[in-house]
Structure formats: C-alpha cells, structure tokens
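Student: Take a look at this one; I'll ask things after.
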Amino acid sequence: MRGVVMHGPGDVRVEDRDDPRIVHPTDAVIRLSATCICGSDLWPYRGEDEVHDAPMGHEYVGVVEEVGSDVRNVKPGQFVVGSFVSSDNTCEICAAGYQSRCVQGELMGNIGTQAQYARIPLADGTLVATPGMPPDALIPSLLAASDVLGTGWFAAVAADAGPGKVVTVVGDGAVGLLGVMAARQLGAERIIVMSRHRDRQALAREFGATDVVEERGDEGVAAIKDLTGGLGAHSVIEAVGTQQSMMQAISATRPGGHVGFVGLSHDVNLPGDELFFSMVHLHGGLAPVRRFLPELIRLIWNGKIDPGKVFDLSLPLADAAEGYKAMDERRAIKVLLTV
Ligand SMILES: [Zn+2]
C-alpha cells in the first residue's frame, strides 16, 4: 500500500509500506476513506520533535476489510470512525471515560493512518460503526470526529462550558474552532475566540463565537476581563500548548472557573504562585475522544453539526507533502487527504 513517511523534519514522502494484517485476534484492518494532517504532525515537521523515518497520521475513517477472530462489534463492510488512541473500552480507566489512557491503549500515530489501509488494535472498543454507508458529503465531518472535533469537545467539557457560561477559546486552529462549536452545542451563553486571522475568525463566528479578541498575552487577558466585568471567563479552552497560551488561559479564567487544556504541551512550566492564587480548575490532556464518538456521530449523521468545514484544503494522499507545507505555512487550517 501507499502511505506517508516522514524521514526527517520537512521531509514527507508517500511511498510503499507493508500492507497491514491482523496481528492480534482483537485487531481489524480498515481501508481508509479519508485521513488528514494534524497540527501535532507539524511539531516533528518543524524539527521541534525528533523524527526519523516515521509513518505518520492518527486520524481515520474507512471501511472494515477484515477482523480478527475475537472481534464481535464491527464487521467487514461497515463504515467506522475511531479515535487516535486505541482502547478496549472495558478497563476501569475506559469505563470512567478516559479511553485515551486505556490500560491496553496504543497511539494510532505509531501505526500511521495517512495510508491506504491501517491495522486497528482493540477493534471492538476502538471503532464505532456509523448507521450506514455515509454519503461523501459527511465524510469530512466524520473524519473530524476522529480527533479535532472530539478533542475540542473534551476541552469544552473539561472547561465546564454550558448554559450561563462565558467561554473563552485560546487558539484558532482546528481544535480551537471546534471547541467553539462544542461550547455552542453545550449551551454556552457567550463564546469569545482569541484569534488574529480573519478567515479563522469568520469560521469561529459561523461555529457560534459571539466575540473576537485579537490581542494576546497580558493584553489579551485584559481584553477578556473587559468583556467579563473584570472577572475573567467561567470556562477557558486552551488549544495551543505553549507556555504563553497556557498562562493566557489560566489568567483569563475567573477564580473558581475551569480551564480545559488540550493543546499538546511543549515546554510548559506552571509557576506555583500564579497557580496557587488563580484558584482555577485545570483539566485536560490527551482527549478521550472515544467517550464522545457515539454522540458526535449522531449529531453529524442528523445534520446538527458540520465540523468538516475546518478542512479548507483537500488533496489526494499522493500529495501529502504539499498538504504538510500548506499547514506549516498557515495557508490551510486543516488538510484532508483523500485515499
Ligand atoms: Zn481500557
């Protein structure tokens, strides 16, 4: 099969990889319908994480080709969506809703789903079948559920977004924008997106943002306080993962409020004194997307949400290198790769 391999920073190639096969009786093999490039794939692309000859990709939707002898919940021919971490969905951690830290879980990025086929471990727990074969128009939204929508949703839940709440979103990438959508769906009263890109501000407003703040850092925090009677937001979604964005999120949250942080943390150090006096709830990390998949698939299937709009560039898998370049240069918010 053909699949994406990152040989080193900036060096993305589509080449022949071994066809996946069933290794464990709990595995499935799927034929990808679409996959995509994640903001987190840019860390190694930019040389900020080490990378050598790595298969890439962890987001996927497709059709089940083959299942192992112990697989009961999905069968060949079904269209499925899965999270970027495999999970049995039965261990105590999964049962509590933290499937991204399943005791048996594996990061799908190590398997690499920017490819024609992929082996899915723990298929019964990992995969959720759609009610039928989706029309092509729904595929981008179902693919978004695999990571960015599920991650934005977890961030909004972790930030305790809901009726009567003012929500602030730090980060206008795909996850931040879908955090806006999630906050809206959860009933937030007011949603302030922090963004300085016009196209992203427009999409944020379409997804439910009521206000835009262009300032960053201390000025950004001051602007949020101005909009909230000097108190700060009840709920803040952090979707970047840098020192500045994390401190901006904590400082923009009122005492007693909640920060939902899902930006993959890079060299973030929290000063104890600021944390102590902030009196905010901090919850986040690797989003347990699997917890939300049945609900997200239902909302997409019924036309209630259209998260696929975050894909503003679609390319064939063979052109993955151009997709990485477009995201790196911020010419695209998120790139879908058709398989
Ligand atoms: Zn588990």
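Read the figures in this text as sums done on the coordinates, not as results from a lab. This is a predicted model, so every value here is computed, not measured. Note: ideal-geometry Cβ built from the backbone for every residue, glycine included; neighbour counts use all protein chains shown.
Student: Give, to the nearest whole percent, the P(r) tail of the chain beyond 33 angstrom, counting all Cα pairs.
Tutor: Working: 13793 of 57291 pairs.
So the pairs more than 33 Å apart make up 24 percent of the total in the chain.
Student: Okay, moving on. What does the extension gain come out to for A95 and D312, with contour length at 0.36 nm per residue minus their alpha carbon separation?
Tutor: Values: separation 217, 0.36 × 217 = 78.12 nm, distance 3.56 nm.
Contour length minus Cα-Cα distance gives 74.6 nm.
Student: Let me ask you something else. Percent relative contact order of the range 177-285, based on C-alpha pairs within less than 8 angstrom and at least six residues apart?
Tutor: 19
Student: Here is a follow-up. Antiparallel DSSP bridges in the chain: what percent, to the nearest 5? Each step should come with its number before you reach the end.
Tutor: Details: 30 of 55 bridges.
For the chain, the DSSP antiparallel bridge percentage is about 55.
Student: Still on this structure, please answer the following. If amide hydrogens are placed 1.01 Å from N in the peptide plane, which non-local residues have theirs closer than 5 Å to the one on G162?
Tutor: A188, E189
Student: So, one more: What would the Debye formula give as log10 I(q)/I(0) at q = 0.17, 0.21, 0.24, 0.28 Å⁻¹ for the alpha-carbon point model of the range 138-209, no solvent?
Tutor: -0.53, -0.80, -1.01, -1.26
Student: Using alpha carbon coordinates only, what is the Rg to Rh ratio of the range 282-339, with Rh defined as the Kirkwood radius?
Tutor: Taking Rh as the inverse mean 1/r over Cα pairs, Rg/Rh reads 1.08.
Student: Fully extended, how many nm does the chain gain between H7 and D136 (0.36 nm per residue separation, minus their Cα-Cα distance)?
Tutor: Numbers: separation 129, 0.36 × 129 = 46.44 nm, distance 3.22 nm.
Separation in residues times 0.36 nm, less the Cα-Cα distance, equals 43.2 nm.
Student: Under the Kirkwood approximation for Rh and a Cα-based Rg, what ratio Rg/Rh is obtained for the range 229-280?
Tutor: With Rg and the Kirkwood Rh in hand, the quotient comes to 0.95.
Student: How many nm is it between the label spots at D70 and D328, if each spot is 7 Å from the Cα in line with the beta carbon?
Tutor: About 4.1 nm, to one decimal.
Student: Still on this structure: Can you pull the semi-axes for the range 213-339, root of five times each eigenvalue of the Cα gyration tensor, sorted largest first, whole Å? Intermediate results must be reported in sequence, preceding the final value.
Tutor: Values: eigenvalues 205, 73, 45 Å².
Rounded to whole Å, the semi-axes are 32, 19, 15.
Student: Let me ask something else. Could you give me D for the range 148-282, from Stokes-Einstein at 4 °C and 1.567 mPa s, where the hydrodynamic radius is the Kirkwood radius over C-alpha pairs? Units µm² s⁻¹, please. Before the final figure, lay out the partial values.
Tutor: Details: Rh = 13.9 Å.
After rounding, the answer is 93 µm²/s.
Student: Test of understanding: what is the full-extension gain from K304 to E48, defined as 0.36 nm times their sequence separation minus their Cα-Cα distance?
Tutor: Numbers: separation 256, 0.36 × 256 = 92.16 nm, distance 3.78 nm.
Taking K304 through E48 to full extension adds about 88.4 nm, to one decimal.
Student: Among P131, P20, P140, which one shows the biggest mean-square fluctuation in a GNM of the chain, springs joining Cα atoms closer than 10 Å?
Tutor: Checking each option, the largest mean-square fluctuation is seen for P131.
Student: Turning to a different aspect of this structure: For every helix of n ≥ 4 consecutive DSSP H residues, a contribution of -39,500 (n - 2.57) applies; sum these over the chain, divide by its total residues, and give [θ] at 222 nm rounded to the nearest 500 deg cm²/dmol. If you can, show how the numbers build up before the last one.
Tutor: Details: 12 runs with 101 residues, N = 339.
One gets -8000 deg cm²/dmol as the mean residue ellipticity at 222 nm.
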